[in-house]
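To start, the structure itself, in structure tokens.
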Amino acid sequence: MGEFNLLGITAPEEYGGLGLGYLYHCMAMEEISRASGAVGLSYGVHSNVCLDQLVRHGTPAQKEKYLPKLISGEHVGATSMSEPNAGSDLVSMRTKADRVDGGYLINGTKMWCTNGPIAQTLVVFAKTDITAGSKGITAFIVEKGTPGFYTAQKLDKLGMRGSDTCELVFENCFVPEENVLGQEGKGVYVMMAGLNFERLVFSGAPIGIMQACLDTVLPYVRQREQFGRPIGEFQFIQGKVADMYTSLQSSRYIYIHDDHGFSIRAS
């Protein structure tokens with residue numbers, strides 16, 4: 001995908017991106033998901049949930065170090081927030097990052113990390129102050145191969161099996177201070193500031209899957225015959241196809257309208 005410039009659609013051109021708005025990102029998400037929802041999921045996590053966080057919150061040095069390889073596809077990106085007992089409730093996370101000389105030691109376990117088994121660059125959230133609630137969480141950039149960082153079991157899922165998901169383990173994993181993404185204690189801000197952009201881009205995935213369904217249905221209702229004629233000539237089938245098409249187009253209009261507004265605000 002890097003060869004087709006799909007991985008850095010919203011990233012600045014100086015790092016190899018296209019510098020375009022979120023509408024184009026969502027359109028790419030739709031077309032990729034039209035072919036494979038699982039590939040679309042991994043693409044969205046890489047290009048938006050990880051890479052876009054670095055674009056919006058990274059320091060110039062962090063952007064220079066990580067963005068070119070993520071945009072080219074040389075490296076795969078991931079983000080990890082969830083834990084066995086902490087999903088949307090980030091304050092309940094138990095993964096800790098204790099300040100030491102020159103950086104932090106991270107200890108804990110993360111779950112359901114999309115792209116985890118194959119990622120080289122990960123944005124990881126951990127508590128730097130267990131008494132400060134939502135203001136005690138910090139985002140870190142963690143690299144594959146860092147001592148004390150392991151990918152554990154690859155998780156078997158009910159669907160989207162083509163998108164790798166795993167558990168992450170941190171045992172005295174040292175992360176240098178320059179790998180703090182944003183500011184210490186501002187991890188919830190980093191996460192929440194990107195959440196609406198994430199929802200926006202990922203809205204293209206179900207639209208692509210809906211289009212794929214229609215791509216299959218339309219030829220079938222012309223080819224399949226019952227009572228001497230194609231089933232597409234029956235009013236009941238026509239009504240169902242019309243409902244599918246209407247739902248698809250109305251949903252697509254909503255994300256196009258929303259993307260336009262988000263791109264204006266993000267510029």
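The values are calculated or read from the model by the stated rules, or taken from the named source; none is laboratory data. All of these numbers come straight from a predicted model, not from anything done at the bench. So basically every Cβ, Gly included, is an ideal-geometry build from the backbone, and we count neighbours across all protein chains shown.
What is the residue count in the range 170-212 for residues that are assigned to a helix (DSSP H, G or I) and within 23 Å of the chain's Cα centre (by Cα)?
Summing the residues that are assigned to a helix (DSSP H, G or I) and within 23 Å of the chain's Cα centre (by Cα) in the range 170-212 gives 26.
Which condition from (1) at pLDDT 95 or above; (2) closer than 22 Å to Leu51 by Cα; (3) of a type outside the set (Ser, Thr, Tyr); (4) surrounded by 16 or more Cβ atoms within 10 Å (Cβ to Cβ) is the one that Met191 breaks?
All conditions pass for Met191, except number (1).
So, in the range 215-231, of the ones that are crowded, with 16+ Cβ neighbours inside 10 Å and in contact (Cβ under 8 Å) with a residue 12 or more places away in the chain, which residue ends up farthest from Ala28 (Cα to Cα)?
Val221
Applying the selection to the range 135-149, what residues are surrounded by 14 or more Cβ atoms within 10 Å (Cβ to Cβ) and over 17 Å from the mean Cα position of the chain (by Cα)?
Across the range 135-149, the qualifying residues are Lys135, Gly136, Ile137, Thr138, Glu143, Lys144, Thr146, Gly148, Phe149.
Can you tell me which of Tyr22, Tyr15 is in contact with a Lys or Arg (Cβ under 7 Å, 6 or more places away or on another chain) and on the phi < 0 side of the Ramachandran plot? Walk me through how you get there before you give the answer.
On the way: Tyr22 fails: in contact with a Lys or Arg (Cβ under 7 Å, 6 or more places away or on another chain).
Answer to the check: Tyr15.
Answer yes or no: is there a residue in the range 51-59 that is of a type in the set (Val, Ile, Thr), buried (at least 22 other Cβ atoms within 10 Å of the Cβ), modelled with pLDDT of 95 or more and not in a helix (DSSP H, G or I).
No, the range 51-59 has no match at all.
Scan the range 78-103 residue by residue and report those that are in contact with a helix residue (DSSP H, G or I) (Cβ under 8 Å, 6 or more places away or on another chain), touching a residue at least 12 places away in the same chain (Cβ under 8 Å), part of a strand (DSSP E or B) and closer than 18 Å to Tyr189 by Cβ.
Thr79
Which one is surrounded by the most Cβ atoms within 10 Å (Cβ to Cβ) among residues in the range 105-134 that are under 17 Å from the mean Cα position of the chain (by Cα) and not in a strand (DSSP E or B)?
Among them, the one singled out is Ala119.
Given (1) within 16 Å of the chain's Cα centre (by Cα); (2) crowded, with 16+ Cβ neighbours inside 10 Å, where does Arg161 come up short, assuming only one miss?
Arg161 satisfies every listed condition except (2).
State whether the residues of the range 185-204 include one that is within 30 Å of Gly136 (Cα to Cα), of a type in the set (Phe, Trp, Tyr) and touching a residue at least 12 places away in the same chain (Cβ under 8 Å).
Yes, the range 185-204 contains a residue that is within 30 Å of Gly136 (Cα to Cα), of a type in the set (Phe, Trp, Tyr) and touching a residue at least 12 places away in the same chain (Cβ under 8 Å).
What's the number of the only condition in (1) under 30 Å from Leu248 (Cα atoms); (2) at pLDDT below 90 that Val201 fails to meet?
Of the numbered conditions (1) under 30 Å from Leu248 (Cα atoms); (2) at pLDDT below 90, the odd one out for Val201 is (2).
What about Leu155, is it under 23 Å from Val91 (Cα atoms) and either among the aliphatic types (A, V, I, L, M) or out of contact with any Lys or Arg (no Cβ under 7 Å at 6 or more places or on another chain) (or both)? Working first, answer last.
Numbers: under 23 Å from Val91 (Cα atoms): no; either among the aliphatic types (A, V, I, L, M) or out of contact with any Lys or Arg (no Cβ under 7 Å at 6 or more places or on another chain) (or both): yes.
So Leu155 fails the test.
Would you check which residues across the range 66-84 are touching a strand residue (DSSP E or B) at 6+ places or on another chain (Cβ under 9 Å) and either polar (S, T, N, Q) or more than 18 Å from Ser163 (Cβ to Cβ) (or both) and list them?
Tyr66, Lys69, Thr79, Ser80, Ser82, Glu83, Pro84
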